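Only one structure is covered here, and it is reproduced in the block below.
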């Protein structure tokens with residue numbers, strides 16, 4: 001805020017230093033301009049800007065191609081970055097759409113046919129992994145650096161195949177991680193875009209079975225570990241904001257992942273845009289694709 005400087009400035013609960021330039025209060029600094037006007041600067045925000053490493057925000061999206069372009073437009077609207085992990089058989093005839101997405105976002109590999117890599121032979125797994133990289137690089141005429149394990153299934157042998165194929169890293173699906181990966185080929189994200197706390201069949205119908213509470217139990221240990229607010233147990237938008245607030249306070253990387261098709265299936269477009277608006281309201285954040293983030297470590 002900025003206005004005319006009053007004749008006297010109360011010191012509140014802290015000492016006031018009068019140097020002709022600034023008055024320091026308990027929660028903000030008043031900077032006095034030469035014309036007598038002043039600006040109040042929040043001390044916490046100023047401290048973060050000067051002393052704290054930037055918080056990294058990255059997102060990643062599997063499968064498609066349904067709604068990939070719509071999601072890309074939403075990301076670009078808020079200048080956010082993402083990596084789209086695509087399998088060849090999911091792309092089908094949408095190759096031109098993938099080329100359009102690649103103009104502003106990163107494209108990563110997700111195998112050729114989306115098999116569970118731990119359930120097929122190593123030779124077949126190698127074909128799926130290396131073949132997906134070759135296919136996308138031929139399509140896009142650029143290097144494809146990142147890989148995502150279908151269904152999050154992998155082991156040490158699969159990781160080695162991904163390394164040998166020439167990728168720089170691979171994303172998993174285990175959530176509540178905010179730290180840089182010690183192993184680039186088992187990088188866990190922070191939060192999954194998915195209905196919470198109840199599983200759904202579609203946007204309006206709950207999955208009334210023994211799986212109803214699956215999302216709650218999948219998130220429960222992370223909620224407890226991070227000591228998040230009880231309100232974060234109640235719905236996905238509050239959970240998403242709570243995980244972001246935790247990372248913003250403690251440092252690290254906030255990595256949102258999901259499936260484009262599930263945004264539409266569960267009608268979560270407004271939830272997603274609202275969290276984008278929320279995180280854009282913070283200073284001291286940096287938006288990177290998955291690959292760009294790993295390359296800066």
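Could you tell me whether residue 215 is outside any helix (DSSP H, G or I), in the same structural domain as residue 87 (by TED's automatic domain parsing) and either over 20 Å from residue 82 (Cα atoms) or in contact with a strand residue (DSSP E or B) (Cβ under 6 Å, 6 or more places away or on another chain) (or both)? Against the criterion (outside any helix (DSSP H, G or I), in the same structural domain as residue 87 (by TED's automatic domain parsing) and either over 20 Å from residue 82 (Cα atoms) or in contact with a strand residue (DSSP E or B) (Cβ under 6 Å, 6 or more places away or on another chain) (or both)), residue 215 does not qualify. Only one entry in 248, 266, 233 is closer than 22 Å to residue 279 by Cβ, within 18 Å of the chain's Cα centre (by Cα) and at pLDDT 95 or above, namely 248. Entry remark, the range 36-72: residues being modelled with pLDDT under 85 and assigned to a strand (DSSP E or B) number 6 in total.
Just one of the listed residues (96, 138, 89, 155) is within 19 Å of residue 291 (Cβ to Cβ) and in the same structural domain as residue 224 (by TED's automatic domain parsing), and it is 138. Criterion applied to 176, 147 was being under 30 Å from residue 248 (Cβ atoms), in the same structural domain as residue 74 (by TED's automatic domain parsing), assigned to a loop (DSSP other than H, G, I, E, B) and in contact with a helix residue (DSSP H, G or I) (Cβ under 8 Å, 6 or more places away or on another chain), and the one residue passing it is 176. Is it true that residue 196 is at negative phi, out of contact with any strand residue (DSSP E or B) (no Cβ under 9 Å at 6 or more places or on another chain) and either crowded, with 20+ Cβ neighbours inside 10 Å or not assigned by TED's automatic domain parsing to the domain that holds residue 275 (or both)? Taking the combined requirement at face value, the residue satisfies it. Against the condition more than 24 Å from residue 252 (Cβ to Cβ) and buried (at least 19 other Cβ atoms within 10 Å of the Cβ), how does residue 215 come out, does it pass? No: the conditions fail for residue 215.
The values are calculated or read from the model by the stated rules, or taken from the named source; none is laboratory data. Being a predicted model, the structure only gives us computed values, none of them experimental. Note that each Cβ is placed from the backbone with ideal geometry, even for glycine, and that neighbours are counted across all protein chains shown.
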